[in-house]
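The values are calculated or read from the model by the stated rules, or taken from the named source; none is laboratory data. Every value quoted in this text rests on a predicted model; they were computed, and no experiment measured them. Positions of Cβ are backbone-derived with ideal geometry, glycine not excepted, and every protein chain shown enters the neighbour counts.
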Amino acid sequence: MILTVRRATGPVRLHGVQMHQSNYPVAEVGRLACSDRLLTDIWEISRRTVRVCMEDTFVDCPAYEQVFWVGDARNSALFSYFLFGAEPLVERCLRLVPGSQFQTPLLADQAPSGWSSVIPIWTFLWAIACHEYYVRTGDTGFVREMWPKVRQTLDAYLTHVDHRGLLSLSGWNFIDWAPMDQPGSGVVTHQHCLLITALEVGADLARLAGDSGEHLLRAAARLREAANRHLWSEERQAYRDAIHADGRLSTTFSMQSQIMAFFGGCA
């Protein structure tokens, strides 16, 4: 809190200062009992952080932007399930995301918004979060409603797979504020590999919706083969971060790229 006093001509006496906190109404269903006071404090700080970022959507922070960033919300959703049982808020957020299709078939990274910006990883996390919501709730009606939107978006990303079988596009090719090689154009390993995960999750959503997701599984297999053919360095025994639009091979081998390659089943 910042309290500003203007035009005072003498000493000011404060008899009381109050703040009314307003956020999504939650039930405190999560508990932690721990003999380590430090861990207990960390847990409480984390719980409060999630809570103050719950409004009519999840927001990235309670003060600065207050924006529903799609990728941030997926992580907040996982925490809130166990802390607060906030499934209705998660469902609302997931339903808002396809509303940006009029801006881009790849879906915007924050919604609703007049700023048309795409972080591919955020879209992939949205598809994954739809599946996680089903796992949490067993709501097949939600799956049947969302599956056509998920399929349309994943198919749109597959149009950006190049002749090498690599996802290559221009966008905010971002996963982490870290010393990584994340060029705005070209092939970025972490998002290529997370698309594999999203395609496989999408195939399961298709099955639950009574549709066939076989073309997504075939695409995932091709992307996996291409990752090992073009992004793996035999010399370094690791996956390079990127192939730039001019064909230059990245010399950075970040932890994040290796993790996404592992989750994508490439490693």
*Using the structure shown, decide if PHE102 is surrounded by fewer than 20 Cβ atoms within 10 Å (Cβ to Cβ) and either at pLDDT below 95 or farther than 19 Å from TRP177 by Cα (or both).*
yes
*asked:* Could you go through the stretch 106-125 and let me know if any residue there is in contact with a Pro (Cβ under 9 Å, 6 or more places away or on another chain), assigned to a loop (DSSP other than H, G, I, E, B) and within 21 Å of ALA219 (Cβ to Cβ).
replied: yes
*Considering each of VAL52, VAL29, VAL67 in turn, give the residue that is surrounded by fewer than 13 Cβ atoms within 10 Å (Cβ to Cβ), at negative phi and among the β-branched types (Val, Ile, Thr).*
VAL29
*Only one of these conditions is not met by ALA73: (1) part of a helix (DSSP H, G or I); (2) surrounded by fewer than 22 Cβ atoms within 10 Å (Cβ to Cβ); (3) touching a Cys at 6+ places or on another chain (Cβ under 9 Å). Which number is it?*
(2)
*Residue selected from the stretch 12-45 under the condition assigned to a loop (DSSP other than H, G, I, E, B) and of a type in the set (Asp, Glu), by the criterion farthest from ALA86 (Cα to Cα)*: ASP36
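Residue by residue, here is whether (1) out of contact with any strand residue (DSSP E or B) (no Cβ under 8 Å at 6 or more places or on another chain); (2) of a type in the set (Phe, Trp, Tyr) holds:
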| site | (1), (2) |
| --- | --- |
| ALA8 | yes, no |
| ALA27 | yes, no |
| MET54 | yes, no |
| VAL70 | no, no |
| TYR81 | yes, yes |
